[in-house]
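These notes concern the structure reproduced below.
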Amino acid sequence: MKAGTFFVRVWRILSIAGFLFALFSSYISYPDEVNVRFDDQNHSLQTINRETIFYIAIAIFLINNTLVNAVARLFLRVPTPQLLVPNQAIWANHRPKLNVLFKEWFSMIIASINTILGLGLLVLSFLNRSDRPIRYIEYAWLLPLTTVILIAVLAWLPIRLFMKPGDDD
């Protein structure tokens with residue numbers, strides 16, 4: 001097993017475990033009405049019931065994991081001549097490696113969404129703690145981190161497809 005494949009598998013497993021940890025620990029710490037939007041003076045503008053957040057998070061998790069996994073499995077059935085990849089003539093001769101690349105990429109998408117969802121739940125939990133004042137600016141790192149994760153994952157496949165199949169051996 002290559003190091004990249006190992007990293008993707010470990011990240012996916014850890015993202016699932018991290019999401020479940022964030023889901024249950026934040027659910028326990030949420031008040032009945034969770035503050036989700038604040039004004040400039042740190043006063044709550046909007047609240048949502050904690051059960052609603054719990055079920056929405058589970059729905060996103062299940063849809064993400066089942067839908068993206070189904071698309072990944074369907075990709076293996078696409079005939080080689082119908083694939084629109086750069087260096088198509090080269091990749092046509094290396095279809096098993098191409099299948100592995102796409103499977104890793106779809107797993108990275110699943111893991112990144114799980115990671116972002118788990119981090120979002122934890123930040124929401126921290127913002128709703130009653131033992132300290134609400135300072136939402138302390139969690140401004142979440143949006144740039146989310147953007148970096150998504151851009152890195154989405155850019156990984158095109159970059160990898162422009163490389164020749166034997167470049168990573």
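The values are calculated or read from the model by the stated rules, or taken from the named source; none is laboratory data. Model, not experiment: these values are computed from the prediction. Positions of Cβ are generated from backbone atoms using ideal geometry, with glycine treated the same way; all protein chains shown enter the neighbour counts. When the accessible area is computed, the model is the full protein with side chains, heavy atoms only, and any ligands, DNA or RNA have been set aside. Shrake-Rupley method; radii C 1.70, N 1.55, O 1.52, S 1.80 Å.
Just a few scattered comments:
- In the range 58-104, the residues that are polar (S, T, N, Q) and either open to solvent by 50 Å² or more (accessible area, probe 1.4 Å) or under 21 Å from residue 156 (Cβ atoms) (or both): 64, 65, 66, 69, 82, 87, 88, 93, 99
- Filter pass, residue 119 being in a helix (DSSP H, G or I), aliphatic (A, V, I, L, M), open to solvent by 60 Å² or more (accessible area, probe 1.4 Å) and under 22 Å from residue 63 (Cα atoms): no
- Qualifying residue in the range 78-90 (condition: farther than 18 Å from residue 161 by Cβ, within 25 Å of the chain's Cα centre (by Cα) and either among the hydroxyl-bearing types (Ser, Thr, Tyr) or assigned to a loop (DSSP other than H, G, I, E, B) (or both)): no
- Cβ-Cβ under 6 Å pairs, at least 6 apart or on other chains, the range 35-64 side modelled with pLDDT under 95, far side basic (Lys, Arg) and not in a strand (DSSP E or B): none
- Filtered residues of the range 1-20 (kept if under 15 Å from the mean Cα position of the chain (by Cα) and open to solvent by 40 Å² or more (accessible area, probe 1.4 Å)): 7, 9, 10, 11, 12, 13, 14, 16, 17, 20
- Single match in 28, 16 (criterion: of a type in the set (A, V, I, L, M), over 16 Å from residue 107 (Cα atoms) and out of contact with any Lys or Arg (no Cβ under 7 Å at 6 or more places or on another chain)): 28
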